[in-house]
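Working notes, beginning with the structure itself.
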Amino acid sequence: MSKRERISSVDNAWLRMDRPTNLMMIVGVMIFGGRIDFQRLRQKLDQRLLTYRRFRQKAVSDATGGYWEDDDLFDIDFQVQRTALPAPSGKDTLQRYVAELKSTPLDPSKPLWQFQLVEDYDGGSALIVRIHHSIADGIALIGVMLNMTDESPEGSGHPLHASEPGEPAAEDAEEDGLWRQIAEPLSEAVVAGLKVSGTLWEKYRDVLQNPQKLVDYARVSGAVATELAKLAVMPDDSRTRFKGALGVAKRVAWSEPMPLDEIKAVGKALDCSVNDLLLSSVAGALRAYLIRQGEEVAGVEVRAMVPVNLRPPEQEHKLGNRFGLVTLLLPLGIENPIARLFEVRRRMEELKGSYQAAVALGLLGVVGLCPKAVQDQVLDLLAAKATAVMTNVPGPQKQLYLAGAPLSQMMFWVPQTGDIGIGVSILSYNGRVQMGLITDRNLVADPQKIIDRFRPEFEKVLYALLLEPWDGRPRTPREIEADLLAAAGGKPAKKTARRPAAAKPPEPSPGKAAKPRKAAPPAKGKPAAGKTRRTAAKAETPEPAQPRVPKRFR
């Protein structure tokens, strides 16, 4: 009889979330600067990927629940295939093929993953990866990818992470670990309560025996109840073309890589995180697309579900799902890129320290234990409040090789749930950042037009920063923020004290000599001495130069 282990309730929720219009697959594309030999790739995956037992197991269920069960008929030749693109085999052709695979379900009678190698693509090769979300989340799959790759073309021959070949963990220990992951951000007292039992009677008995826990239960339960209430009464976001009835067909697109150091430098100058800058740029790209489609954008805000990693660093290579979700309203109605950036930063700051991510993970664990009909109702309710899923995964910041070929680009697309029709994925690798976008064809048939606005939206912030006046002294991010907002017509933030710089007269136009300013003649019948001090000062002292701001920033 095949060995099997119980599927955790969170992973079970992802397993049951599949719909024809939204398959729960993480799809990735790896582009290589050289040709990959198929047999060498197959051998490498056999040595590195299959050290994880999960990739040899299939999902089964019976009256007692869901299980990962060893596949006695496992065949790597079914899981790893090679293919060729029709001519011309360029980026557009690859994008169409990836979109087709994104709409094609994995075979449920086999392990829920598949790799397809495009041997001849753009002078090198491309590898299309499909892995069901019930196997692992994005952070864990980065660990899997690191396990598959090497830091040199020759390779070390040894995986970076050891496999877990032992007997399946006891079901009680696995569930205990899951609930600990859900509850640790909340309270150790709640962990203790959850470990006692899943029945109300035994929780009640535990409180009777340990009355001091009532305070902790009340405090944490109040915070959790507040977050649940917020989710329940959360208003719908703005109706746009990004939201509507979904179809089966999808479209995918990805950007060209951007230098990560450049983004970090701008973020440091403005006291914003890389995530703030990227999310603000995404909001600007979505706004530009709606305007191009003739839609009204004044006051428009779209809600994004943003995953938050909840796993400890030492468990990043462990499979399974250990992330929560927070909801972020993206202010598409704000035209000014600086004002939009600072508003995104403010909203992200409000989310820090909240229980929302942990509550979302706990909610997934709870619905994964409920009948599927109940799970669908709960998740549909939450999905109706959002327009997009947006995730930012930090990848390895060094050159990697797979089967001897250099990995040059790496993109991925996350699944959405319910009727959410757009997914944004941002991945950094080897000092560069790329954005991936997946849309429903019924809603957005041309996602590349959104992708093409991603870098220009970031560059608006960069150019505005470069237009800042330089007076030869270091300036704090707060001062830069205040000046940029003031120059753009926004409300400046409260400035910190700063030393006054010597005022400089405005630069003359090219080819023209600067003319001295003439004082206005005194009014008839009134002597010049009748001028107020303020008027006299204005006439005698030239106004300080203001930073030039292009019209599109005003």
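Taking 0.36 nm per residue of separation and subtracting the Cα-Cα distance, what length does fully extending Q81 through D271 add?
The span from Q81 to D271 would gain 63.7 nm if fully extended.
Amide H of L330 versus every other amide H placed in the peptide plane: which residues, excluding those fewer than 5 positions away on the same chain, fall under 5 Å?
Sorted by chain and number, the residues that satisfy this are V302, R303, A304.
At a Förster radius of 35 Å, what calculated FRET efficiency corresponds to the Cβ-Cβ distance of D261 and D62, to the nearest 0.05?
0.10
Kindly write out, for segment 312-325 in residue order, the coupling ³J(HN,Hα) from the Karplus curve 6.51 cos²θ - 1.76 cosθ + 1.60 (θ = phi - 60°), rounded to whole Hz, with x marking Gly and Pro.
Result, rounded to whole Hz: x, x, 6, 10, 5, 8, 7, 6, x, 10, 9, 9, x, 10.
In nm, what is the difference between 0.36 nm times the number of residues separating E468 and D107 and their Cα-Cα distance?
Roughly 124.3 nm would be gained on extension.
So if I take the centroid of the Cα atoms in segment 87-105 and the same for segment 283-326, what is the distance between those two points in Å?
24
R0 = 45 Å: FRET efficiency of E459 with Q47, Cβ-based, nearest 0.05?
0.55
Once you have the Cα-Cα distance between R292 and V248, take 0.36 nm times their residue separation minus that, and quote the gain in nm to one decimal.
Length difference between fully extended and current span is 13.3 nm.
Taking amide H atoms as placed 1.01 Å from N in the peptide plane, list the residues 5 or more away in sequence, or in a different chain, whose amide H sits under 5 Å from that of S125.
Excluding prolines and chain starts, which carry no amide H, the hits are F32, G34, I36.
Roughly what would the spin-label model give for T93 and C370, points 7 Å off Cα along C-beta, in nm?
Reported label-point gap for T93 and C370 is 4.8 nm.
Going through the cross-link list K3/K102; K264/K352; K243/K460, which pairs have a Cα-Cα distance over 24 Å in this structure?
Checking Cα-Cα distances, K3/K102; K243/K460 exceed 24 Å.
Amide H of F323 versus every other amide H placed in the peptide plane: which residues, excluding those fewer than 5 positions away on the same chain, fall under 5 Å?
L310
Using packing as a proxy for protection, rank 270-282, 300-312 so that the peptide with the highest average count of other Cβ atoms within 10 Å comes first.
On the way: 270-282: 21.9, 300-312: 19.8.
So the peptides 270-282, 300-312, ranked by packing, come out 270-282, 300-312.
Taken together, the values in this text are just the output of simple stated rules run on the coordinates, not laboratory data. Here the structure is a predicted model, which means the values were calculated and not measured. Heads up, the Cβs are rebuilt from the backbone with ideal geometry, glycines too, and the neighbour counts pull from every protein chain shown.
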